[in-house]
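The values are calculated or read from the model by the stated rules, or taken from the named source; none is laboratory data. Just so you know, these numbers come straight off a predicted model, no measurement behind them.
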Amino acid sequence: MLEEKIKVRSTCIEEMNSVDSLRPPSPPPRHEMWKGARINPLRTWSSKSTEHTVDRIVRNMFSVLF
């Protein structure tokens, strides 16, 4: 019984230290980074052309999904 617990713990530790668990999270999509860079501190778009471009991106994303 004790040997089984030790074995289970050692395998859990090995899994936690594996390369897969150390992999960093994937980066956000490029359009999300672009949108984030163009939002003012007041949470509004920096210009009308930016707002127009974001609308087009979102519209194209939904047309692909549906």
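Looking only at segment 1-21, how many residues end up being of a type in the set (Ser, Thr, Tyr) and modelled with pLDDT under 70? Within segment 1-21, residues that are of a type in the set (Ser, Thr, Tyr) and modelled with pLDDT under 70 number 2. Can you tell me which residues in segment 22-47 are assigned to a loop (DSSP other than H, G, I, E, B) and at pLDDT 70 or above? Answer for segment 22-47, where residues must be assigned to a loop (DSSP other than H, G, I, E, B) and at pLDDT 70 or above: 26, 27, 28, 29, 38, 40, 41, 42, 43, 44, 46, 47.
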